[in-house]
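Down below is the structure, laid out as structure tokens.
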Amino acid sequence: MTPDPTTTATAARRGVIVSGHWIVDRLKVIDTYPSEESLAVISSEARANGGGAFNVAKDLALMNTGVSVSGIGLLGDDEDGRWTLAECARHGIGTRQLRLLAGTPTSYTDVFTVSGSGRRTFFTMPGACAKLDEDAFDFTDTTVSGAKIFYLGYLGMLDGLGARAARVLERAAAAGLRTAADLVSISGDFGATVRPCLPWVDYFFANDLEAERLTGVTISGLRGAALADALTVAARRLVSDSGVRGLCVLHTPEGAVAVARDGAVCRQGSARVAPESIKGTNGCGDAFAAGCLFALHEDWPLPAALELGISAAARCLLSAASSAALTDWRQCLQEARALGFRTDF
């Protein structure tokens, strides 16, 4: 069963609070990726949600979970910031602790996708998210105090918080919230920022590359059962050595592994999505986390939580935008089960 590191009183709570990266993705499809001082032609462009907080919040809404979602974070006092607030209102996401900053742009990422290959290149503006600090979090607010889970993503990339993210997670736990945290694959050594946070994290999410960098376990280049075995070793280290206090969930395109504080281990292969159906991988890790978080919020058994996470990620592959393909969680499960899951993981 899914481990419950909380009290009975906490288990009676409802709702998810999401914080961290609120980013606007500017999606551009181009004919070729140019060399320096060369030209490429943009054939289409769109604006979409991006970043852990924005993606998870919107995914939970689009999956019709029935769980209330509220946000904490910083936006620029600009068109992108106002568009973000309007998107939240359209999907029923609470914004009382989403603040607009004058003189600072809303964080955004230009995503260039080559039409023929699907390969993507990213240029990001840290913007308002880089100024998020501990003072932005009010865990006594009535929109937060009755919630069940507090999600913070992405650790290691919140410049204004840095290692103080551990203090934010500690405060959330003291307020009676289950805590969840996620990473993003950035260059440099993020371990010094991330490791102090882990003893305050009930549900920790990371991909294979991030897990390898945090633990030193060799994961790159492995496939199938060998990959699942290595992820299990890494997850156990993150629980036993680094102190993740509830559940460590590691994911790859081939599947996911979860290791609980009580020693329980669960593996789930990915859905067999046809390559020709894949439009992009933007937001798949966040969709996976959103599916798992909903299941954990509802205290589902651990295998069911991983299955829903994998199913949400599979649905996310059907669009180049982070959340555009997400639909009712029941449909996500039904479609993934119809496709079938990998059995060699």
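Only helices enter the 222 nm calculation for the chain: every DSSP H run of n ≥ 4 contributes -39,500 (n - 2.57), and dividing by all residues gives -9500 deg cm²/dmol, rounded to 500. For K279, the lysines whose Cα falls under 20 Å of its own Cα, not counting residues fewer than eight places away in the same chain, are K28, K58.
Within a straight-line Cα-Cα reach of under 18 Å, K131 can be paired with the following aspartates and glutamates, leaving aside sequence neighbours fewer than 8 residues apart in one chain: D77, D78, D80, D159. Of the trypsin sites (Lys or Arg not before Pro) found in the stretch 258-325, none is in coil by DSSP with at most 12 other Cβ atoms within 10 Å of its Cβ.
Rounded to the nearest whole Hz, the Karplus-based 3J(HN,Hα) values (6.51 cos²θ - 1.76 cosθ + 1.60, θ = phi - 60°) of the stretch 101-116 follow the sequence 9, 6, x, 10, x, 4, 4, 9, 10, 7, 10, 9, 10, 6, 4, x, with x at glycine and proline.
Taking the Cα centre of the stretch 53-188 as origin and charging only Cβ (+1 Lys, Arg; -1 Asp, Glu), how large is the dipole, in debye to the nearest 20?
Details: 13 positive and 15 negative charges, 75 e Å.
It comes to approximately 360 debye.
Set against the labelled values (i) 22.9, 70; (ii) 22.2, 84; (iii) 18.9, 61, Rg and Dmax of the Cα atoms in Å computed from this structure falls on (iii). Over all projection directions, the Cα-based convex hull of the stretch 91-167 averages an area of 7.6 nm². Dipole of the chain computed with +1 at Lys/Arg Cβ and -1 at Asp/Glu Cβ about the Cα centre; of Y203, S117, G73, farthest Cα towards the positive end is Y203.
Read-outs throughout are calculated quantities, based only on the coordinates presented, and are distinct from any laboratory measurement. Just so you know, these numbers come straight off a predicted model, no measurement behind them. Note that we place each Cβ from the backbone using ideal geometry, even for glycine, and neighbour counts take in every protein chain shown.
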